[in-house]
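Here the structure is laid out as structure tokens; the discussion comes afterwards.
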Amino acid sequence: MTQASSGDSKKIVGVFYKANEYATKNPNFLGCVENALGIRNWLESQGHQYIVTDDKEGPDCELEKHIPDLHVLISTPFHPAYVTAERIKKAKNLKLLLTAGIGSDHIDLQAAAAAGLTVAEVTGSNTVSVAEDELMRILILMRNFVPGYNQVVNGEWNVASISYRAYDLEGKTIGTVGAGRIGKLLLQRLKPFGCNLLYHDRLQMAPELEKEIGAKYVEDMNEMLPKCDVVVVNTPLTEKTRGMFNRELIGKMKKGVLIVNNARGAIMERQAVVEAVESGHIGGYSGDVWDPQPAPKDHPWRYMPNQAMTPHISGTTIDAQLRYAAGTKDMLERYFKGEDFPAENYIVKDGELAPQYR
């Protein structure tokens with residue numbers, strides 16, 4: 001671990017989303033620019049400089065001004081600061097990249113490893129938040145909820161137009177691609193619904209856990225997907241998974257399959273999803289991750305039929321914010337003392353990428 005010697009003043013930059021009028025509505029709303037993870041007073045009392053912004057894109061943005069001399073960059077997956085190889089080259093003092101939350105794919109991890117940087121995240125901080133959200137999305141798509149809600153808002157009443165494509169969750173086959181912390185929590189929460197649960201992952205669960213959850217391991221993803229009524233994406237974005245759900249893979253799925261993706265937008269081939277939703281091959285698509293983020297106004301997923309998309313919100317509940325703010329503070333404290341982080345928090349350490357990103 002690179003040591004920040006005590007009494008050594010560091011420049012720390014945080015990139016978060018702006019809360020504007022919502023910043024004062026909840027004292028625990030820590031994950032925004034205004035409340036800056038609740039660590040400003042603590043950092044400044046230790047003699048460190050703490051700059052916080054939401055302005056992260058383009059050559060003239062606020063973040064770009066601080067790249068040459070910052071020591072630590074904190075970002076979140078909800079409003080990511082894209083840390084390219086070019087930015088890493090300019091950042092002569094940079095030692096530490098922290099993700100307040102989970103998922104560090106907004107960073108060029110190979111470039112970070114080559115430059116000897118440490119990349120870490122607050123592992124586990126929002127796994128419950130995301131798993132609960134995935135369960136909600138499965139039900140929203142299965143029951144055709146969004147068009148029903150829209151009818152009420154628009155003063156309409158047409159039961160038939162909703163019920164002709166609304167189903168029970170019981171008895172359906174649900175498959176998760178990836179069964180790490182979030183995937184396991186989702187499967188546990190689905191158990192009481194009486195579904196047929198399948199999972200594909202690079203690692204099989206221990207037999208006792210598999211039995212307790214009631215999920216069956218499928219080693220070959222191509223064998224699992226055609227069996228599923230619902231597919232949930234729970235794999236990190238890596239070079240292997242980028243664009244993985246392309247026309248060919250989507251074509252192997254059941255006609256009318258429902259897809260939930262809270263992992264990363266770039267795991268899906270954007271246009272392939274649009275075409276499959278428009279043709280009805282995908283019966284419904286719901287997620288809160290886009291590529292890029294924030295999603296531009298003309299992003300085609302905004303205008304697909306049978307979608308239940310949201311901005312990236314699943315992992316930034318108030319409960320999750322309290323956990324990832326505390327985890328970020330803990331790692332900064334350790335960094336200032338030259339101590340190691342909890343092993344599971346490392347994404348890049350000593351030039352090596354964590355296994356899930358290799």
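Brief remarks on what is shown
- Within the range 309-340, the set of residues being closer than 14 Å to Leu98 by Cα and open to solvent by less than 10 Å² (accessible area, probe 1.4 Å) comprises Tyr324, Ala325, Thr328, Met331, Leu332, Tyr335.
- Subset tally (residues that are under 16 Å from Arg247 (Cβ atoms) and among the hydroxyl-bearing types (Ser, Thr, Tyr)) for the range 261-288: 2
- The residues in the range 19-46 that are open to solvent by 90 Å² or more (accessible area, probe 1.4 Å), closer than 30 Å to Asp8 by Cα and either part of a loop (DSSP other than H, G, I, E, B) or β-branched (Val, Ile, Thr) (or both) can be counted, and the count is 1.
- Residue within the range 33-52 that is under 16 Å from Tyr324 (Cβ atoms), hydroxyl-bearing (Ser, Thr, Tyr) and out of contact with any Cys (no Cβ under 8 Å at 6 or more places or on another chain) present: no
- Condition met for Glu208 (in the same structural domain as Cys228 (by the TED database), part of a loop (DSSP other than H, G, I, E, B), surrounded by fewer than 17 Cβ atoms within 10 Å (Cβ to Cβ) and free of Cβ contacts under 8 Å to residues at least 40 places away in the same chain): no
- Every listed requirement among (1) surrounded by fewer than 19 Cβ atoms within 10 Å (Cβ to Cβ); (2) of a type in the set (Asp, Glu); (3) under 15 Å from Lys329 (Cα atoms); (4) touching a residue at least 24 places away in the same chain (Cβ under 8 Å) is met by Glu121 save one, (1).
- Any chance Lys216 is assigned to a loop (DSSP other than H, G, I, E, B) and open to solvent by 10 Å² or more (accessible area, probe 1.4 Å): no
- Flag if Ser286 is part of a loop (DSSP other than H, G, I, E, B) and at pLDDT 95 or above: no
- Under the condition of being in contact (Cβ under 8 Å) with a residue 12 or more places away in the chain, part of a helix (DSSP H, G or I) and open to solvent by 10 Å² or more (accessible area, probe 1.4 Å), the residues counted in the range 219-250 number 6.
- Residues (among the aliphatic types (A, V, I, L, M), within 22 Å of Ile267 (Cα to Cα) and touching a strand residue (DSSP E or B) at 6+ places or on another chain (Cβ under 8 Å)) located in the range 81-110: Ala81, Val83, Ala100, Ile102, Ile107, Leu109
- Going through (1) more than 24 Å from Ala295 (Cβ to Cβ); (2) open to solvent by 30 Å² or more (accessible area, probe 1.4 Å); (3) at pLDDT below 95 one by one, Ala4 falls short only on (2).
- Members of the range 58-101 that are of a type in the set (S, T, N, Q), part of a loop (DSSP other than H, G, I, E, B) and surrounded by 18 or more Cβ atoms within 10 Å (Cβ to Cβ): Thr76
- If you go through the range 169-187 and pick out every residue that is part of a strand (DSSP E or B) and not polar (S, T, N, Q), you end up with 3.
- Considering each residue of the range 268-288 in turn, none proves to be touching a residue at least 60 places away in the same chain (Cβ under 8 Å), of a type in the set (A, V, I, L, M, F, W, C) and either open to solvent by less than 10 Å² (accessible area, probe 1.4 Å) or under 30 Å from Ser163 (Cβ atoms) (or both).
The values are calculated or read from the model by the stated rules, or taken from the named source; none is laboratory data. Note that the structure is a prediction, hence the values are computed from the model and not measured. Positions of Cβ are generated from backbone atoms using ideal geometry, with glycine treated the same way; all protein chains shown enter the neighbour counts. Surface areas here come from the heavy atoms of the whole protein model, side chains and all, with no ligands, DNA or RNA. Shrake-Rupley method; radii C 1.70, N 1.55, O 1.52, S 1.80 Å.
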